[in-house]
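The values are calculated or read from the model by the stated rules, or taken from the named source; none is laboratory data. Since we're looking at a predicted model, the values are computed, not measured. Quick reminder, even Gly has a Cβ in these numbers, built from the backbone with ideal geometry, and neighbours come from all protein chains shown. Just so you know, the surface numbers come from the protein's heavy atoms only, side chains and all, with ligands and any DNA or RNA stripped out. Shrake-Rupley method; radii C 1.70, N 1.55, O 1.52, S 1.80 Å.
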Amino acid sequence: MQYIVLDLEWNQPINYQNRIYRLYGDRLVFEMIQIGAVRIDENLNILDSISIPIQPTCYTVIHPRIRSMTHLSTDTLSDAPYFEEAMEQFVSWCGEDYVLLTWGCDDVSVLQQNLDFFEIHPDLPTLYDIQPLFVKEFSLNNRMGLKSAMELMNIAPDDDRYFHNAQYDAYYTALVFTHLKNPQDVLSYPQKPKPLFHQEAAVKPRKGDLFESIEKGLESIQATSPYCTVCGKPCTLDGRYIPQSRDRLIGLAKCQKHGTMLVRVTFRTAPDGMYTMQVKTAKASRSNIAYIHTKQFQMQETPDQPSAEGGQSIPTATLDASLL
Ligand SMILES: [Zn+2]
């Protein structure tokens, strides 16, 4: 029997008021744009890997955040196969007598929703989740991201394999898997897809929410769609966050009904190198808006280093916090 580690990348609507999203609603919250997989034999040797890019047909413009994380764009995907053909390629690459493995529960849910939406029903074997086995072996209290898991196992990423590429993430997941004490125990952790829906009310950070890094926090839905202080619905971020110090940032977000919000994001360090994040919004004053737009403009003028994971990078220079 072979293990096939599966990782997916997906696109999302650029905003939830858009015509296409309103047409499909929660039947397709995320549209798959890349399948990555790594084949491992029963002696835990990594045999080969595959990347299958997918041309999206619903959310055809790649969300800027996703474009920067995955390096996939509307252009680079314009020659890629559509979902149905991509799935056929994947299933035929898998061969026979295998189980599928993923890291965490997101991929299986996104896969299932795409299969349902496009009405494709390939004969796939059970999917198992490596993450809970990892959590058990290391006696952790919480789930852990792939990158942190690698750090915990002293697995260094390669220069030419960036994160948020399905093939490379699948490869790293395979390394973590094969380095576990009892990898075969993964078969105790079948993973069922969960229904996906876009939450009408914005997601606020909860007390126990932990983020691997400040960059991850800023990429999260809580920070990219902060809540409207009046109606509680998600706002659209207006430009980037402006650092006030290493762990405090401010930004602007727009509610369609209630105008521009001032968003304050504060990080605190938590055990194991993790961070907690607090997001507070208030109606923005004109001077808030002018100040942040000026800072955003100044930051555009100063080129900065993109962060390792392609998210928003945090300039280290401390800006004046006089406004707040
Ligand atoms: Zn509102």
Checklist entry - Does any residue of segment 164-182 turn out to be over 22 Å from PHE138 (Cα atoms) and buried (at least 22 other Cβ atoms within 10 Å of the Cβ)? => result yes
Checklist entry - Does LYS204 meet the test of being in contact with an Asp or Glu (Cβ under 7 Å, 6 or more places away or on another chain), of a type in the set (Lys, Arg), over 27 Å from LEU152 (Cβ atoms) and open to solvent by 20 Å² or more (accessible area, probe 1.4 Å)? => result no
Item to check | Test: residue in segment 178-199 that is at pLDDT below 90, within 16 Å of the ligand (Cβ to nearest atom) and out of contact with any helix residue (DSSP H, G or I) (no Cβ under 9 Å at 6 or more places or on another chain) | outcome: no
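Within segment 276-311, restricting attention to residues that are modelled with pLDDT under 90 and open to solvent by 40 Å² or more (accessible area, probe 1.4 Å), which residue is nearest to the chain's Cα centre (by Cα)?
In this case the residue turns out to be ALA308.
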Next on the checklist: It is to be established whether one or more residues within segment 219-228 are in contact with a Gly (Cβ under 9 Å, 6 or more places away or on another chain), open to solvent by 20 Å² or more (accessible area, probe 1.4 Å), modelled with pLDDT under 95 and outside the structural domain of ILE35 (by TED's automatic domain parsing).
Outcome noted: yes
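Looking at segment 83-94, is at least one residue among the small types (Gly, Ala, Ser) and in contact with a helix residue (DSSP H, G or I) (Cβ under 7 Å, 6 or more places away or on another chain)?
Pass one, segment 83-94, residues among the small types (Gly, Ala, Ser): 86, 92.
Imposing the further condition that a residue be in contact with a helix residue (DSSP H, G or I) (Cβ under 7 Å, 6 or more places away or on another chain) reduces the set to none.
No; the residues of segment 83-94 include none that is among the small types (Gly, Ala, Ser) and in contact with a helix residue (DSSP H, G or I) (Cβ under 7 Å, 6 or more places away or on another chain).
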Checklist entry - If you take the residues of segment 115-147 that are of a type in the set (Ser, Thr, Tyr) and closer than 25 Å to TRP93 by Cα, which of them is modelled with the lowest pLDDT? => result THR126
Next on the checklist: Restricting to segment 266-275, give me the number of residues that are under 14 Å from ARG246 (Cα atoms) and open to solvent by less than 30 Å² (accessible area, probe 1.4 Å).
Outcome noted: 1
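If we keep just the residues of segment 111-133 that are open to solvent by 50 Å² or more (accessible area, probe 1.4 Å) and assigned to a helix (DSSP H, G or I), which is nearest to GLU84 (Cα to Cα)?
ASP116
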